[in-house]
Amino acid sequence: MGLLEEPDRERGFARERIIRTLLNHPGDNLTKYRVAQLSEASEPWTRQYTEKLEEQGLVKGTEVVAPEKLYQAWLDQRIEPNQLELSLQQPMDLLAETELQYVLTTYQAENLHQGFLFTTTTDFYIAPEEIKDWIAIVEENGLLGGGNTRIRVLDGHVFYNQQAVDGFSTVSIPQLILDLLAEGGPCEEAAEKLIDSYHGDKPW
């Protein structure tokens with residue numbers, strides 16, 4: 001069994017948490033102190049990093065003024081999740097029944113929110129503290145190797161502002177956009193549509 005472990009990149013996680021928080025609160029006019037709290041990052045580091053984003057013309061204070069460019073900045077420094085690829089007979093049925101934490105992303109999450117992509121793969125994040133429980137489920141139900149399912153482990157903040165759609169849990173829309181951009185191909189077009197709908201209340 002390949003090990004599934006949480007990536008160990010605290011400083012990089014803090015940057016990602018701050019961007020994730022900013023993008024999840026368009027128009028909410030958060031204070032930098034509040035961004036630090038929601039990002040689980042220190043206030044001095046949050047101030048320093050948001051000032052850097054402001055110098056790049058991506059935010060003004062804590063307001064995102066160039067969402068597409070901020071997603072690109074996030075993508076450029078994104079920490080790859082640790083991932084286990086496997087085949088499950090009915091991955092969505094398994095998720096519907098589990099009491100463990102998960103959040104869907106990429107194809108299935110996009111299909112639930114927007115319905116643009118065909119659900120070729122079921123990708124979901126799990127809570128780092130529940131890795132052993134998921135491994136037990138995988139050993140019982142799955143076949144390892146290339147398949148229709150990818151279980152991902154990242155910083156627990158990936159669950160921030162998770163959504164509930166049709167009885168399933170998904171990542172937040174900004175996290176979904178990032179993961180679609182990282183997937184590339186048709187997913188990029190789906191991500192651009194989501195950026196338009198989620199951040200589209202202003203002519204950027």
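Counting only DSSP beta bridges whose two residues both lie in the stretch 82-199, roughly 70 percent are antiparallel. Take the Kirkwood radius over Cα pairs of the chain, plug it into Stokes-Einstein at 4 °C and 1.567 mPa s, and you get 74 µm²/s for translational diffusion. Taking a point 7 Å from the Cα of T121 along the Cα-to-Cβ direction, the residues of the stretch 166-192 with backbone N closer than 13 Å to it are 179-188.
Taking all protein chains into account, the per residue accessible area for the stretch 12-76 stands at 48 Å² (1.4 Å probe). Scattering from the C-alpha atoms of the stretch 12-76 alone, worked out with Debye: what is log10 I(q)/I(0) at q = 0.19, 0.26, 0.29 1/Å? Listed by q, the Debye log ratios stand at -0.59, -1.19, -1.51. Quick one: if the Förster radius is 25 Å, what FRET efficiency do Q90 and K132 give, using the C-beta to C-beta distance and rounding to 0.05? Once the sixth-power term is evaluated, E becomes 0.65. Find which of L181, N24, T170 sits farthest along the positive direction of the dipole of the chain, computed with +1 on the beta-carbon of Lys and Arg, -1 on that of Asp and Glu, about the Cα centre. Of the listed residues, the answer is N24.
When the charge dipole of the chain is built from unit charges on Cβ atoms (+1 for Lys and Arg, -1 for Asp and Glu) and taken about the Cα centre, the candidate among V153, L84, T50 whose Cα reaches farthest toward its positive end is T50. Calculated mean residue ellipticity at 222 nm for the chain: -14500 deg cm²/dmol, from DSSP H runs with n ≥ 4 weighted as -39500 (n - 2.57), summed, divided by the residue count and rounded to 500.
Computed about its Cα centre, the charge dipole of the chain is approximately 740 debye, with only Lys, Arg, Asp and Glu carrying charge at their Cβ.
The Cα atoms of the stretch 82-199 cover 41, 26, 26 Å along the three principal axes, with the biggest extent listed first.
The values are calculated or read from the model by the stated rules, or taken from the named source; none is laboratory data. The model shown is predicted, which means the values in this text are computed figures rather than measured ones. Every residue, glycine among them, receives a Cβ derived from its backbone with ideal geometry; neighbour counts consider all protein chains shown. Remember, those area values only see protein heavy atoms, side chains included, never the ligands or the DNA or RNA. Shrake-Rupley method; radii C 1.70, N 1.55, O 1.52, S 1.80 Å.
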